[in-house]
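Report on the structure given below.
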Amino acid sequence: MTFTADQREQAERKLVQYLSEAHASEMGLIRVLQSQIAMTPAGRFRSALERHLTETRSHADRVQRRISELDGGRGPLGAGLAVAEGALAQVVAISKTPLDLLRGSGGEEKLLKNAKDTCATEALEIATYTALEHLARAVGDDRTAKLAASIRADEEAMLARVMSELRSLTAAVVGAEIEDDPSFDVSTTGAAQAVKKTARRTRATTARRARSVPGATKAEGTVKGAAASAGDLPIARYDQLTAAEITGRLGELSQLDLAKVAAYERKRENRATVLSRIDALQGDEPWAGYDELNVEQVRTALADADDERAARVRTYERAHKNRAGVLAAAERELATA
């Protein structure tokens, strides 16, 4: 079919309108999926939601790129209205989240209701992309038609996945509310696990910062070593090894582990050869947290290092782990300094 210039422009405006409506729907769905993941325990249903969240973000990006290609900066009215609809969809999704957390008599019921909502949402997405594909083919836009068909296939797969979960989710409701055998574990929901992950990161960051204070690493290792058993030490079968065997392995240890071994040794055998070797190895890391880095991480850090830092790494590494990859990187930096 051949269109006049005016008809072609009108067709592109209509395509941009439909694409913008699809984009608004994807942006709203991102918020809904995030809220559902937050209240869903680990398992097949949450895995499906997490995979689809990744897909949905990709869908939104792909649709937005196609809008930009067709719009050419004209900013048609239809696109503007769709952007407003997208903002509204996101507000609705955000405001809906606390209601989702309260709906139903228990966690199992909440999950089932969310799954049914997801089925309805996916059906709407499928209809949206089906209409967009038909429109694109009718006006001869194969690229937009293929885009719509590709995304529609993802939505159909998601609908099938969620539909397959309805039987087990319904069985969980029966178990919780009729048979008095609840299975919902709030401690494994996405929100709970996110809090735990953040707490772990905070503790790790705090520990690294504390170790940047002179003497903090040694003090921490001393405390741990004084309370340690042989099984807590970084050298396996410590109590069965000779002093020579132990001193041969000390160079591989971090400053924290050296202090731990020193405290343990002083509390028990107190062998001068072991303790003198530890004293020789103990000293400041090239920078706080160095001992926790692997070869590739040290190489990356050295890429922007000055010759003083590279020299510190070389000296420290030779006395300790003696990793060939780190030493080569340090030598390279010093040679080009």
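Can you tell me how region 216-336 classifies by the Cα gyration tensor, rounded, prolate or oblate, using a/c under 1.5 as the rounded cut?
Prolate is the answer for region 216-336, as a/c is 1.5 or above and a/b outweighs b/c.
Give the shape of region 226-282 as rounded, prolate or oblate, defined through the alpha-carbon gyration tensor: a ≥ b ≥ c are the square roots of its eigenvalues, a/c under 1.5 means rounded, and otherwise the shape is prolate if a/b is larger than b/c and oblate if not.
Because its axes are fairly even, with a/c under 1.5, region 226-282 counts as rounded.
Pairs to check: LYS267/LYS321; LYS14/LYS146; LYS110/LYS146. Give those whose C-alpha atoms are more than 28 Å from each other in this structure.
The pairs that break the limit, which is 28 Å between Cα atoms, are LYS110/LYS146.
Do any chymotrypsin sites (Phe, Trp or Tyr not before Pro) in region 1-72 lie in a DSSP loop with no more than 15 other beta carbon atoms within 10 Å, and if so, which?
Details: sites: PHE3, TYR18, PHE45; in loops: PHE3.
Loop-located and lightly packed - PHE3.
Based on the mean of other beta carbon atoms within 10 Å per residue, what is the order of 27-36, 233-242, most packed first? Kindly include the intermediate steps, with their values, before the conclusion.
Values: 27-36: 21.7, 233-242: 14.1.
Taking the mean over residues of other Cβ atoms within 10 Å, the ranking is 27-36, 233-242.
Could you give the distance between the Cα centres of region 251-267 and region 2-46, to the whole Å?
Value for the Cα centre distance between the two parts: 58 Å.
Every read-out reported here was derived from the displayed coordinates using simple, explicitly stated rules and does not represent laboratory data. Because the structure is predicted, anything quoted here is derived from the model rather than measured. Backbone-built Cβ (ideal geometry, glycine too); neighbour counts: all protein chains shown.
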